[in-house]
Amino acid sequence: MRVVVVGAGIAGLATAGLLARDGHEVEVLERHDAPGGRAGSWERAGFRFDTGPSWYLMPEVFDHWFRLMGSSADRELDLVGLDPAYRVFFEGHDGALDISPDRAANVAAFEAVEPGAGARLDRYLDSAHDTYDLALRRFLYTTFASWRPFAHRDVATRLHRLGPLLGRSLGSRVAARFRDVRLRQVLGYPAVFLGSSPDRAPSLYHLMSALDLDGGVRYPQGGFARVVDAVAGLAVGAGVTLRTRARATAITTTAVGARPGSARSGPSVPGPRRPRAAVTGVRWVDDAGREHHAPADVVVAAADLHHVEQDLLPPDLRDRSPAWWSRRDPGPGGVLVMLGVRGRVPQLAHHSLFFTADWEENFGAIAEGRVPDPASLYVCAPSRTDPTVAPPGHENLFLLVPVPADPGLGRGGEDGAGDAAVEAIADAAIDRVAAWAGVPDLRARVVVRRTVGPGDFAADLSSWSGGMLGPAHTLRQSAMFRAGNRSRRVAGLLHAGGSTIPGVGLPMCLISAELAVKRVRGDITAHPLTEPFPETRPALASRE
C-alpha cells in the first residue's frame, strides 16, 4: 500500500517508520528544510538550541518504539540521568527546592517543608504509579475503536477510583493533601506539560508525578535534535522517502458510492461506515513553486489537526465545524527565549522552574487571554549537562513563558528585533531569572538572543491559535473525548500527533504513531504492538 505522511515532526517520522517496516511504501512531506517540527533546532555562534521539547520522560515509550524498529534507546541515544531532576524557585521564598531522582530524598524534602507531607507524598506516588501503569495497559495505546478493552477486569475493579479521578481537578486533589503552596505547585505544574492548568486538568493526571518524582528525568546528549535524527534515520533506513521543502497544499480525494466496501470506496483500511470520499493523495509545492501530486491509498496527516481540516480539505469533508473549534481549548501559547550567555550560571540546574506566588492569577490570566504579570516560567540550561551546546565557558539558556494562545501577541526575532509584546515578555522573564536565582548581571552577559512568539507557532507550524503544545488536556479533550485519529468523512485519512489521541508531548506523539498503524492494520486492542515488529507483513488491499 502507498502511504503519504504530511509532516515530519516526531509523530510523522515515527508513523512513517513503523508503516515502512510493516511493508508499505511511505513518503513523508515536510514543508521546512529539516525534519523535527516542534522538536526543532537552531544554531548561532557556537550555541545550539532545542526549540521545543526538553524533558525526556516516559522512557519506556521511547524504548518501545525503538525496539519496534529493531533497535533500542540505549543503542540510538546517549541518555544521562539528571541530578537534581529539576530545581524550583518560588516567589517570596529564599532558596530553591531541588527535586531528586530518588523517591526517598523527595519524601524527605517534602517532610522538611511541611511536617507529615513526606508520608502523604509516599501514598500520592503509590497512587500515581498505579494510575500510570493502568493508563499504559488500557488507555494510551487504544484507538477507542472498540469498548471491549475497557470491560477488562483490570479496569472494572478500578472504576470506583477512576470516576473521582476524572471528575475532580488535579489542583483540588493536591490541595486536599498538602497545605504548603510550594508543594502544591510542584505537584500541580505537570498540568502545564499537558497544555492545561491544575484547576482544569483531571486529577487522573496526577500519574505524571510518577515520572519525575520517582524515577528521575533523563537528557539525550546532543539535545532533542539527536532524538529527531535517530527517529528519522531509522525511518529512512526502513525505506521511507523523506521530502523536505515540500509544502502540502491539499489532500486529494475521490467521491465514493453510498455502499461502503464497494470497489470505489477506497483502500481496505478501517474507516467511517459512510465516507463521502476516499483519499487519492496529496498535492504539494516545492520551494521553487512547482506543484506536484503524491498518490496515496492512505494519508496520515501528522500536522496540526485544525490546519489539516481548514486548509487541506474542502468544507464538506471536514469532520469539525468552526462552531466545534470555538468550543475547544487550544492550550497555552508560549514565548520562547534562547540565550547564549557569557560565563557560567551555576545557580541554575539543567531544568529550573520559577513559580509566582499567586498561582491562580497566573493561570487565570492565560485562560482570560491576558499575559500574566509576573509570569511563571521554565528555564532549561542544557550546557549544565552537555558541553556540545555552548562554547567553552558559556551557558546555553532556553526560557519558556506560558502566555495566551494568541498570534496577535506577535512574532519573535534575533537580538531584540521581534514584535514589541514578545520582546517585553522576554525582557521581564530574563529579569525575573536574574532576580530570583541571584544572577544580577545576567542581561549584560547575553551574547546571543532569539525569541519566538505565538505568531511564529501559527505561521511556522500552522498551530491552531498559535498554541505552543496542542489542544489542552481538559476532561472534554482527554482520552476518548479527544479528537480521534480517523476521518469520518474521508476513507483512508488518518491523523497523528499532539492534536489527536492520546495527546501532547513526544511520548504521546510516539504512541499516536502506533495508533495510526493500528488503524491501518485493523487492530482494536488496547496494548502496545508486540515486539519485535515483523520485518514485513502482507500489504493490505489497495484501491482497485
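The values are calculated or read from the model by the stated rules, or taken from the named source; none is laboratory data. Every value quoted in this text rests on a predicted model; they were computed, and no experiment measured them. So basically every Cβ, Gly included, is an ideal-geometry build from the backbone, and we count neighbours across all protein chains shown. These accessible areas exclude ligands, DNA and RNA; they are computed on the full protein's heavy atoms, side chains included. Shrake-Rupley method; radii C 1.70, N 1.55, O 1.52, S 1.80 Å.
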Note to self: Quick check: from the Cα gyration tensor, does the range 433-523 come out rounded (a/c under 1.5), prolate or oblate?
What the structure shows: prolate
Margin query: Please list, in order along the range 431-445, the HN-Hα scalar couplings obtained from phi with the Karplus expression 6.51 cos²θ - 1.76 cosθ + 1.60 (θ = phi - 60°), rounded to whole Hz, x for Gly and Pro.
Written below: 5, 5, 4, 4, 6, 6, 8, x, 10, x, 9, 4, 4, 5, 8
Next item on the list: Using θ = phi - 60° and the Karplus relation 6.51 cos²θ - 1.76 cosθ + 1.60, list the HN-Hα couplings for the range 292-308 in order, rounded to whole Hz, with x at every Gly or Pro.
Entry: 9, 9, 9, x, 7, 8, 9, 10, 10, 8, 9, 9, 3, 4, 4, 4, 4
Item checked: Amide H within-cut-off set for Arg486, under 5 Å, with H built and near neighbours excluded -> His495
Next item on the list: Along Cα→Cβ, 7 Å out, is where each label goes; now give me the distance between the ones at Asp287 and Arg179 in nm to one decimal.
Entry: 6.1
Notebook entry, point to check: When all alpha-carbon pairs of the chain are counted, what percent fall beyond 37 Å?
Noted result: 28
Notebook entry, point to check: Taking Cα pairs under 8 Å and at least six residues apart, what relative contact order does the chain come out at, in percent?
Noted result: 24
Note to self: Could you put Phe178, Phe139 in order of accessible surface area, largest first, with the 1.4 Å probe and the full protein assembly present?
What the structure shows: Phe139, Phe178
Next item on the list: Sort the range 29-129 into rounded, prolate or oblate with this rule: let a ≥ b ≥ c be the square roots of the eigenvalues of the Cα gyration tensor; rounded if a/c is under 1.5, and if a/c is not under 1.5, prolate when a/b is larger than b/c, oblate otherwise.
Entry: oblate
Notebook entry, point to check: Which percent, to the nearest 5, of DSSP beta bridges fully inside the chain are antiparallel?
Noted result: 70
Notebook entry, point to check: Using alpha carbon centroids, what distance separates the range 321-347 and the range 4-34, in Å?
Noted result: 26
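Using the per-residue mean of other Cβ atoms lying within 10 Å as a proxy for protection, in what order, highest first, do the peptides 294-306, 18-30, 243-255 fall?
294-306, 18-30, 243-255
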Next item on the list: Sort the following peptides by mean Cβ neighbour count (other Cβ atoms within 10 Å, averaged over residues), highest first: 366-378, 46-58.
Entry: 46-58, 366-378
Check: Around Val448, which amide H atoms from residues at least 5 apart in sequence, or from another chain, sit under 5 Å from its own amide H, with H modelled in the peptide plane?
Finding: Gly340
Note to self: Quick check on the range 1-52: what are the equivalent-ellipsoid semi-axes from the Cα gyration tensor, as sqrt(5λ), descending, whole Å?
What the structure shows: 27, 10, 8
Check: Counting Lys and Arg as +1 and Asp and Glu as -1, what is the net charge of the other residues whose Cβ lies under 15 Å from the Cβ of Tyr219?
Finding: -2
Next item on the list: Name the residues whose placed amide hydrogens come within less than 5 Å of the amide hydrogen of Val256, ignoring near sequence neighbours (fewer than 5 apart) on the same chain.
Entry: Ala277, Ala278
Checklist line | Protection proxy ranking, peptides 488-499, 351-362, 414-425, 465-476, average beta carbon neighbours within 10 Å, highest first | finding: 488-499, 465-476, 351-362, 414-425
